[in-house]
Amino acid sequence: MIVDKHIRDFLLEVSDKRRIHLEGNILKLIEAEEGDEEFSLYLSTSLEKDKENRKKRLDVTKQVQDRNRELLESESENIRINEELKIALDSAEEAKIKALAAKDAALTDLDVLQKKSQTELIGTIVKVALLVILSVGVITTIMYAIAMMTDKDTQIIGSTWSNMFGILLTNAFSIVGTIMGVKYASDKDK
């Protein structure tokens, strides 16, 4: 197809002033008149520029496609990593819960053990205190009985014996009261 002179001049003017050439498949349809070297040169230059531009666009398209492919691979990798992190976080949370349960069980066992040792210690203290009280009472009673059998003056021993039993009884209640107070104060449930 040969274009008329007006279109030919317009295309050459746009090419000179604005450096814009025709592009695309229309270049395959347009032909220069015989002997019109200037328009032939324009058409060949336009074809070359069109080929270059197509090649650049194709390269850009390939780069975009490659980048899109990389982004899709990165996205799938990110999804996989996020899933692994979620699984690891869930596992850590479960481990934390198990550790807290184990800690609570250990604290409960420790509390039971402490209460058991306190109870055993209190029992031992009470037994020793009662043994001391009984032994002092028995020894004082034996001494008082010996003094009565040997016709010695028992007035001092009698009052001492009476005072001794009062003191021992008071101390026994004091010890038991103190132990019960300590046990009550250390009881966490109340």
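Assorted remarks:
- Part-to-part distance (alpha-carbon centres) for segment 144-183 and segment 57-81, which is given in Å: 99 Å
- A Förster radius of 41 Å, combined with the Cβ-Cβ distance separating residue 2 from residue 52, puts the computed FRET efficiency at roughly 0.95.
- Axial C-alpha extent at least 18 Å, average Kyte-Doolittle at least 0.5 - helices from the chain (DSSP): 155-186
- Segment 109-190: Cα Rg divided by the 2.2 N^0.38 Å rule of thumb: 1.58
- Computed over segment 72-125, the P(r) tail beyond 16 angstrom holds 66 percent of alpha carbon pairs.
- Length released on extending from residue 15 to residue 107, taking residue separation times 0.36 nm less the Cα-Cα span: 24.1 nm
- Segment 5-186, relative contact order in percent, only Cα pairs under 8 angstrom and at least six apart counted: 13 percent
- Rounded if a/c under 1.5, otherwise prolate or oblate - the chain, Cα gyration tensor axes: prolate
- Over the residues of the chain, the helix contribution to mean residue ellipticity at 222 nm works out to -31500 deg cm²/dmol, using -39500 (n - 2.57) for each DSSP H run of at least 4.
- Long pairs among 5/51; 28/55; 28/56; 28/49, criterion Cα-Cα beyond 22 Å: 5/51
- Residue order for 165, 173, fewest other beta carbons within 10 angstrom first, comes to 173, 165.
No lab work stands behind these numbers, since they all come straight from the coordinates. Since we're looking at a predicted model, the values are computed, not measured. Positions of Cβ are backbone-derived with ideal geometry, glycine not excepted, and every protein chain shown enters the neighbour counts.
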